[in-house]
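Accompanying notes for the structure given below.
The values are calculated or read from the model by the stated rules, or taken from the named source; none is laboratory data. For clarity, every value in this text was computed on a predicted model and none was experimentally measured. Positions of Cβ are backbone-derived with ideal geometry, glycine not excepted, and every protein chain shown enters the neighbour counts. Each accessible area value is taken on the protein alone, full model and side chains, heavy atoms only, with ligands, DNA and RNA left out. Shrake-Rupley method; radii C 1.70, N 1.55, O 1.52, S 1.80 Å.
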Amino acid sequence: MDRPTRRQTLTFGLYGMAALALPRPAAAQGLTVSRLVEGLDEPWAVAFLPGGRFLVTERGGQLTLHGDGAPRRITGLPQVAAEGQGGLLDVMVPAGHGDSGALWITYAALVEGGACTALARANLDGDRLADWTVIHQGPGSTSPRHYGSRVVEGRGGTVFLTTGDRGEGPHAQDIARPEGKVLAFDPDGTPARLRVFAGEETIPGLWSYGHRNPQGACLDLAGDLWLCEHGARGGDEVNRVQPGRNYGWPVITLGVDYDGSPIGEGRQKDGMEQPAFFWDPSIAPSGLTVCSGKMFPDWRGHILTGSLNSDLIARVDPVTWTESRIATPETLRVRDVREAPDGSIWFLSVNTGTLWRMTPG
């Protein structure tokens, strides 16, 4: 994906928000939306297993296995801090799962001083998790906000973890702290070492920094890492994340504080990255996928993210940086969006407690 100039970002980012999306039946938008799982309690993430099976996390602490008979609850999880925005969060199935049964899971862990964003690895053994290993834990905080917490497998098996700033913006600029970062780990869980930070005292595994609350992450078709992250007011962003880069928060932002007051030093600063796309007003983006075009050929390479405040799925064309909106009675407070192995689009609605599957009409 080519990155637009700042002028293009501003023009198309604002233009994409010019009209509110009103829910219409999926058929009227050339789509079919079908129910896969219902009765979920604040679902957070879905991940695909071999053989048509899949996993769903619920923020209160449940992990369930679906696709081969009646849903089964997976045991072996620790207690999670299911308060505020915390709880059981993302789950990722690595490419080698068929050989190892490995899963990577993020959650709000109870630690001294409160709760933190944590990453663990475990093996799925029937209906239980075995060999639970904590890979990363941040310092405890009493803040109930901004855990971030998506986990993505990159090229070569590198595992990326996104962390939020926990409501303390300056932490995102402190490279010795884990908040507001992308952290990278080798497949065995060892923090990756980046030459770009050689000689600096950084948090182990630091990949990028200056993030506020990244709740969507995925690879594009070239294997590059992308994030969507919550801004304050009018500063939600899509970023192509490159190692060693500073993405600005809270020194620069395209948004303002919730009371309308300015944040930081302005909209740009040397040494800090501009987003590829942003929303004003904010849509509270969550979940992220890039379409392969397998089932939606016209969407090949397009970025899809859910909205937690506008009841829609945003589809962004990375060539023109313009946005289209999918707004149906099913797209209510969308927490996660994924492309399934067959190319269909799956998404989780918090408001309906449902996992939906979207296909061409």
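Can Ala222 be described as assigned to a loop (DSSP other than H, G, I, E, B), within 20 Å of the chain's Cα centre (by Cα), modelled with pLDDT of 95 or more and closer than 28 Å to Gly293 by Cβ? Spelling it out, Ala222 is indeed assigned to a loop (DSSP other than H, G, I, E, B), within 20 Å of the chain's Cα centre (by Cα), modelled with pLDDT of 95 or more and closer than 28 Å to Gly293 by Cβ.
Screening the candidates Ser310, Ser292 for the property of being in contact (Cβ under 8 Å) with a residue 60 or more places away in the chain, open to solvent by 20 Å² or more (accessible area, probe 1.4 Å) and closer than 18 Å to Leu219 by Cα yields one hit, Ser292.
Scanning the stretch 252-287 for residues that are assigned to a loop (DSSP other than H, G, I, E, B), of a type in the set (Ser, Thr, Tyr) and surrounded by 18 or more Cβ atoms within 10 Å (Cβ to Cβ) yields Thr253, Ser282.
Would you check which residues across the stretch 325-345 are in contact with a Lys or Arg (Cβ under 9 Å, 6 or more places away or on another chain), open to solvent by less than 10 Å² (accessible area, probe 1.4 Å) and free of Cβ contacts under 8 Å to residues at least 60 places away in the same chain and list them? Answer for the stretch 325-345, where residues must be in contact with a Lys or Arg (Cβ under 9 Å, 6 or more places away or on another chain), open to solvent by less than 10 Å² (accessible area, probe 1.4 Å) and free of Cβ contacts under 8 Å to residues at least 60 places away in the same chain: Gly343, Ser344, Ile345. Note on the stretch 83-100: residues that are open to solvent by 40 Å² or more (accessible area, probe 1.4 Å) and over 18 Å from the mean Cα position of the chain (by Cα) total 5. Here is the figure for the stretch 346-361: residues that are closer than 17 Å to Pro25 by Cβ and open to solvent by less than 10 Å² (accessible area, probe 1.4 Å) total 4. Considering the stretch 143-159, and only residues there that are within 17 Å of Gly216 (Cα to Cα) and touching a Lys or Arg at 6+ places or on another chain (Cβ under 8 Å), the residue that is most open to solvent (accessible area, probe 1.4 Å) turns out to be Arg145.
For the stretch 21-53, the set of residues classified as polar (S, T, N, Q) and assigned to a helix (DSSP H, G or I) consists of Gln29 only. Residues in the stretch 234-251 that are surrounded by fewer than 18 Cβ atoms within 10 Å (Cβ to Cβ) and over 19 Å from the mean Cα position of the chain (by Cα): Gly244 alone. Residues of the stretch 59-73 that are in a loop (DSSP other than H, G, I, E, B) and either over 15 Å from Tyr107 (Cα atoms) or modelled with pLDDT under 95 (or both): Gly67, Asp68, Gly69, Ala70, Pro71. I need the full set of residues from the stretch 101-142 which are small (Gly, Ala, Ser) and surrounded by 13 or more Cβ atoms within 10 Å (Cβ to Cβ), in order please. The answer is Gly101, Ala102, Ala108, Ala109, Gly114, Ala115, Ala118, Ala120, Ala122, Gly138, Gly140, Ser141.
When Gly169, Gly223 are checked against the criterion of being touching a Gly at 6+ places or on another chain (Cβ under 8 Å), under 22 Å from Ser143 (Cβ atoms) and either among the small types (Gly, Ala, Ser) or open to solvent by 10 Å² or more (accessible area, probe 1.4 Å) (or both), a single residue qualifies: Gly169. Cβ separations smaller than 6 Å between residues 6+ apart or across chains give the following pairs from the stretch 46-71 residues that are within 19 Å of Asp90 (Cβ to Cβ) and polar (S, T, N, Q) to residues that are open to solvent by less than 20 Å² (accessible area, probe 1.4 Å) and at pLDDT 95 or above: Thr57/Trp44; Thr57/Ala45; Thr57/Leu63; Thr57/Leu88; Thr57/Val91; Thr64/Val56. Of the listed requirements (1) over 20 Å from Ile313 (Cα atoms); (2) surrounded by 20 or more Cβ atoms within 10 Å (Cβ to Cβ), Val33 misses just one: (1).
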